[in-house]
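See structure below.
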Amino acid sequence: MTTPGPAQERRQLRPTDVKRLNRDWRRRTGARLGLLVESVTQPFNVGSIVRSAAVFGVEHLWLAGNTTPPTHRNVAKTALGTERLVPWEHAGTAAEAAAAVRKEGLRLIAVELTTDALPLHEAPLGGDVCLAVGGEDHGCSPALLAAADAVTYIPQIGRVGSLNVAVAAAVALAEARRREWST
């Protein structure tokens, strides 16, 4: 590996270079990745989640509970057009959404702080998996946690107890892909 030269030689990638780079990463990606979003009501959060889902190649987005749909006009302000790139459906209750995930052959891993949750870097994220996140105030419901195959949490060392749901979804999606790409 060579060391980059002076900063003036470094440049941002052109759009065609970015497309080529993304195509190369897509070729290295084989696992199916889904996302279940339960009772996330803030359009900004839903838009951010949808955008992250598009970035990390989520093949399907299941909405449960009272999650704001991607068609809501304020979602588009954050999703920036990516809402058309991720197929989605409102799958009803958390239990119904979990059943829909399993019908597609995905294991369901909830992102939540529970007594049996594994740190994200130790979570069983290999193969075809669907991550699940819950609402802004209360996280994943007891029904969603009961339906999950495993639960994971994002280790944090600061004095804040949790991340914003959209940020947590992005971190978990990134880790699922990173794990796949590093094997």
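The values are calculated or read from the model by the stated rules, or taken from the named source; none is laboratory data. Owing to the predicted nature of the structure, the values given are computational and were not obtained by experimental measurement. Here the Cβ positions follow ideal geometry from the backbone for every residue, glycine too, while neighbour counts run over all protein chains shown. The area values use the complete protein model at the heavy-atom level, side chains included, leaving out ligands, DNA and RNA. Shrake-Rupley method; radii C 1.70, N 1.55, O 1.52, S 1.80 Å.
Here are the numbers for the structure shown:
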| read-out | value |
| --- | --- |
| Selection count, the range 41-53, where residues are under 21 Å from W25 (Cα atoms) and open to solvent by less than 30 Å² (accessible area, probe 1.4 Å) | 4 |
| Residue list for the range 124-137, filter: surrounded by fewer than 22 Cβ atoms within 10 Å (Cβ to Cβ) and under 16 Å from the mean Cα position of the chain (by Cα) | P124, G126, G127, D128, G135, E136 |
| In the range 138-152, residue most open to solvent (accessible area, probe 1.4 Å) [restricted to those that are under 13 Å from A98 (Cβ atoms), in contact (Cβ under 8 Å) with a residue 12 or more places away in the chain and not hydrophobic (A, V, I, L, M, F, W, C)] | D149 |
| All positions within the range 110-147 that are touching a Cys at 6+ places or on another chain (Cβ under 9 Å) and closer than 19 Å to N66 by Cα | A110, V111, E112, A132, V133, G134 |
| Selected residue [acidic (D, E), open to solvent by less than 70 Å² (accessible area, probe 1.4 Å) and modelled with pLDDT of 95 or more] from E175, E180 | E175 |
| Selection count where residues are under 23 Å from N22 (Cα atoms), part of a loop (DSSP other than H, G, I, E, B), among the hydrophobic types (A, V, I, L, M, F, W, C) and open to solvent by less than 50 Å² (accessible area, probe 1.4 Å), scope the range 57-81 | 1 |
| Subset tally (residues that are open to solvent by less than 10 Å² (accessible area, probe 1.4 Å) and not in a helix (DSSP H, G or I)) for the range 88-105 | 0 |
| Output for the range 35-48, where each listed residue is out of contact with any Leu (no Cβ under 7 Å at 6 or more places or on another chain) and β-branched (V, I, T) | V40, T41, V46 |
| Search result, residues across the range 105-132 that are over 21 Å from A166 (Cβ atoms) and in contact with a Phe, Trp or Tyr (Cβ under 9 Å, 6 or more places away or on another chain) | L118 |
| Odd one out for H121 among (1) in a loop (DSSP other than H, G, I, E, B); (2) in contact with a Pro (Cβ under 8 Å, 6 or more places away or on another chain) | (1) |
